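The values are calculated or read from the model by the stated rules, or taken from the named source; none is laboratory data. Here the structure is a predicted model, which is why all the values come from computation and not from measurement. Glycine also receives a Cβ, built like all others from the backbone with ideal geometry; neighbour counts cover every protein chain displayed.
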Amino acid sequence: MTYAALPATPSVADERGIVLHNEKVNAEYRHLVVGTSALAATAKPGQFFQLACPQPPGETPYLRRPMSVYGADPKAHTVSFLYKVAGAGTRGLAMLRQGDRCGLMGPLGHGFWLDQAWRNIVVLGRGVGLATLGPLAGMAQKAGVGVTAILSARSPALVMSEEVFREAGAHVIAVTDSEGTADPANVDRLMRGLIADGLCAAMFTCGSSRLLKLLQKLARAHDLPGQVALEQQMACGLGMCFCCVRDFIVDGQTEHRRVCWDGPVFDLREAVA
Ligand SMILES: Cc1cc2nc3c(=O)[nH]c(=O)nc-3n(C[C@H](O)[C@H](O)[C@H](O)COP(=O)(O)OP(=O)(O)OC[C@H]3O[C@@H](n4cnc5c(N)ncnc54)[C@H](O)[C@@H]3O)c2cc1C
């Protein structure tokens with residue numbers, strides 16, 4: 001399916017879900033699970049929610065904060081998020097306790113898509129981008145598509161979503177700064193090997209401009225398709241405020257698109273890193 005052929009977001013829930021779980025997974029990240037309506041739980045990989053954040057002492061996170069769907073269970077009516085505590089908003093989210101209400105609006109935006117012709121794909125992400133990419137593994141598994149996941153992080157303890165990829169049958173390669181394996185030259189070498197072995201019909205990325213540039217170069221050199229989930233500071237999340245506009249190069253021309261409404265998943269080769 002092409003970018004232009006994607007359907008608009010059908011309908012969006014704006015509700016106060018019930019916090020079922022909000023625990024630390026390591027020094028920087030927390031896992032939040034919210035009981036929601038059936039509509040919210042229809043969220044697909046790559047879509048996101050706007051979360052209302054409680055006020056930490058002395059701080060006022062006024063706007064809702066965008067968070068990718070880490071998991072959605074349409075039977076149990078739950079949606080989960082994996083988030084890094086970065087500033088006032090996410091410090092507020094970290095205060096939520098089991099049984100609290102959590103304001104959320106979504107699912108928003110367009111998620112990842114898979115072409116029926118693809119037998120094997122490569123997913124390459126870093127940091128919080130791995131929260132966005134994690135559920136793509138289950139989507140690929142259901143579609144019978146093999147996944148190699150290159151997960152990049154500062155250190156082994158911060159490699160996120162590894163178990164999600166493994167549970168979905170992905171071949172996982174973790175690369176880290178601390179072990180000296182996350183440098184672009186090594187990732188480029190790994191990618192070229194996967195392409196040569198016929199394991200990369202398409203490539204997917206999120207979380208690093210440097211990795212996006214690397215994949216764009218490879219996609220052009222090998223004429224391979226790909227998708228990128230962009231993380232851009234947002235305000236409304238509904239396409240009205242034009243706060244998250246970014247440049248894209250389409251057929252040699254610059255186009256301006258809203259990350260929240262036209263994305264957040266875009267054609268890899270059209271995004272400007
Ligand atoms: C579509 C989308 C999906 C996202 N999914 C996730 C996710 O699954 N998990 C997760 O941890 N984070 C995700 N983010 C990033 C998350 O929204 C920001 O980290 C969050 O808004 C920061 O809010 P804050 O008030 O805690 O920090 P702030 O005080 O607002 O900012 C703290 C730091 O985070 C940076 N930041 C702020 N907003 C963003 C943003 N939108 N993208 C990247 N960096 C930002 C700031 O530049 C600053 O360096 C996503 C962003 C988008 C747009």
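Look at residue 61 and say whether it is closer than 16 Å to residue 160 by Cβ, within 13 Å of the ligand (Cβ to nearest atom), in contact (Cβ under 8 Å) with a residue 12 or more places away in the chain and not polar (S, T, N, Q). Taking the combined requirement at face value, the residue does not satisfy it.
Check segment 237-258 and report whether any residue there is under 22 Å from residue 134 (Cβ atoms) and either modelled with pLDDT under 95 or touching a helix residue (DSSP H, G or I) at 6+ places or on another chain (Cβ under 7 Å) (or both). Yes, segment 237-258 contains a residue that is under 22 Å from residue 134 (Cβ atoms) and either modelled with pLDDT under 95 or touching a helix residue (DSSP H, G or I) at 6+ places or on another chain (Cβ under 7 Å) (or both).
Starting from residues that are loosely packed, with under 14 Cβ neighbours inside 10 Å, of a type in the set (Asp, Glu) and more than 19 Å from the chain's Cα centre (by Cα), keep the ones in segment 148-188 and report whichever is farthest from residue 30 (Cα to Cα). Among them, the one singled out is 183. Name the single residue that is farthest from the chain's Cα centre (by Cα) among those in segment 43-63 being under 30 Å from residue 143 (Cβ atoms) and crowded, with 19+ Cβ neighbours inside 10 Å. So the residue we want is 51.
Selection within segment 204-251: residues that are over 20 Å from the mean Cα position of the chain (by Cα) and of a type in the set (Asp, Glu). The member of this set that is nearest to the ligand (Cβ to nearest atom) is 251.
Given the criteria assigned to a loop (DSSP other than H, G, I, E, B) and touching a strand residue (DSSP E or B) at 6+ places or on another chain (Cβ under 6 Å), does residue 46 qualify? It is true that residue 46 is assigned to a loop (DSSP other than H, G, I, E, B) and touching a strand residue (DSSP E or B) at 6+ places or on another chain (Cβ under 6 Å). If the requirement is being free of Cβ contacts under 8 Å to residues at least 40 places away in the same chain and part of a loop (DSSP other than H, G, I, E, B), which of these qualifies: 144, 193, 237, 198? So the residue among 144, 193, 237, 198 that is free of Cβ contacts under 8 Å to residues at least 40 places away in the same chain and part of a loop (DSSP other than H, G, I, E, B) is 144. The condition of being within 13 Å of the ligand (Cβ to nearest atom) and closer than 22 Å to residue 164 by Cα holds for only one of 47, 55, that being 47. Checked against the criteria, residue 86 counts as within 8 Å of the ligand (Cβ to nearest atom), exposed (fewer than 15 other Cβ atoms within 10 Å of the Cβ) and either at pLDDT 95 or above or outside any strand (DSSP E or B) (or both). Evaluating residue 102 against the criteria (1) within 11 Å of the ligand (Cβ to nearest atom); (2) in contact with a Gly (Cβ under 6 Å, 6 or more places away or on another chain) leaves one unmet condition, (1).
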